[in-house]
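The structure appears below as structure tokens.
The values are calculated or read from the model by the stated rules, or taken from the named source; none is laboratory data. As the structure is a computational prediction, the values presented were derived from the model and not from experiment. Every residue, glycine among them, receives a Cβ derived from its backbone with ideal geometry; neighbour counts consider all protein chains shown.
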Amino acid sequence: MIEIRGLSKIYGRNQVPAINNIDLDINDGEILGFAGLNGAGKTTTIRIACGIIFPTGGKVSVDGHDIVKNKVSASKNIGWVPELPNFEPNAKPVLLLKYYAGFYGIKGTEAEDLIEKLMKQFNIWDARNKKLKNYSQGMKKRFSIAAAMLGDPKNYLFDETLNGLDPEGVKSMRNFMLQLKKDGKSVFLSSHILTELENVADRIAIIKRGELIKILDRDELPNLGKSVVKLKIENLDGGAVAILQKYGTPEVTGKDVVLRDLAFKPSEAHIVNNELIKSNYEVSKFEISGEGLEEYFLDLVGQKGGI
Ligand SMILES: Nc1ncnc2c1ncn2[C@@H]1O[C@H](COP(=O)(O)OP(=O)(O)OP(=O)(O)O)[C@@H](O)[C@H]1O
Ligand SMILES: [Mg+2]
């Protein structure tokens, strides 16, 4: 479990904090998504949580160990996959992993067996004889995930780890995270794309310009965004469109209509349906739904239409 309390960071002589008073718990058996735009403060939070940089205020505890005051015990139980993994370019992957394994007291054939298993699991075993400088960005990411697993830590910090993997890599990473969750580990996964977190995260914390502005529960996700009504009208004509225009902005494609900018509460949508039917329109589909998570996210973080 990772507990983040009142965490703040001001870099150098900057006036504006990169993160400000962040409170978050990443519970055992939980995948917590961390969403925010470029520069929002995700990497800063993660780098403090794994002890790479120091906070200006607040603290982080890893299974009860303070990452600053008790760094050795705290970081033993953290697996960190950085945003842009970088390694000694001339290093041979197996030898470097063996070196890392030594930190956890894993040696000899035990280390070799574990490294083979992990490199196979993350699909880089075939590239075991290449130097790391010849690994692609995605392969470096896979290597970094394998390295993070060596000590079988209880907590994981994945900084934009899905980003940069190919579709097969994204799928296996998702399954891997779900397995970690099943095993009772805590997983913190950052992304600047909210929908990337949608399929894995139990909760999603949203950060905007260093401030934690919202925590969403998985159950809330399907209903987020502005409501739209999707209809199909078999005998659609100008008259039907005129009716719909009273209730919002209809967008017509053949017999299908998406009604946006609704002038009524979602619970009153039946009024539209009733009026269409009364005017002899054959409504074969009538659904009300959210406009989409990404749209909602961009509204929330206030950068619709670009950076
Ligand atoms: N070493 C540093 N020195 C000074 N400012 C920094 C440093 N690292 C980050 N910042 C600033 O802190 C803020 C947060 O950056 P951070 O890297 O944490 O964002 P992020 O959410 O990870 O963004 P991205 O999605 O682009 O990775 C930004 O304004 C950034 O310019
Ligand atoms: Mg980042």
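Before moving on, here are some points about what is shown:
- Single residue of region 235-254 satisfying the filter (farther than 13 Å from residue 272 by Cα and touching a residue at least 24 places away in the same chain (Cβ under 8 Å)) that is surrounded by the fewest Cβ atoms within 10 Å (Cβ to Cβ): 235
- Scanning region 175-194 turns up one or more residues that are closer than 30 Å to residue 135 by Cα, touching a Gly at 6+ places or on another chain (Cβ under 7 Å) and assigned to a loop (DSSP other than H, G, I, E, B).
- Elements of type strands (runs of 3 or more DSSP E) in region 222-271, at least 2 residues being at pLDDT below 90: 227-233
- Residues located in region 118-134, provided they are surrounded by 13 or more Cβ atoms within 10 Å (Cβ to Cβ) and either without any contact (Cβ under 8 Å) to a residue 24 or more places away in the chain or more than 25 Å from the chain's Cα centre (by Cα) (or both): 120, 125, 127, 128, 130, 131, 132
- Residue within region 206-219 that is farther than 18 Å from residue 40 by Cα, in the same structural domain as residue 63 (by TED's automatic domain parsing) and in contact with a helix residue (DSSP H, G or I) (Cβ under 8 Å, 6 or more places away or on another chain) present: no
- Within the set 58, 33, 41, the sole residue that is at pLDDT 95 or above, within 16 Å of ligand 1 (Cβ to nearest atom) and over 22 Å from residue 191 (Cα atoms) turns out to be 58.
- Region 114-132, residues that are in a loop (DSSP other than H, G, I, E, B), touching a Lys or Arg at 6+ places or on another chain (Cβ under 7 Å) and not charged (D, E, K, R): 122, 123, 124
- Options 105, 64, 12, 39: the member that is surrounded by fewer than 15 Cβ atoms within 10 Å (Cβ to Cβ), under 18 Å from the mean Cα position of the chain (by Cα), assigned by TED's automatic domain parsing to the domain that holds residue 146 and on the phi > 0 side of the Ramachandran plot: 39
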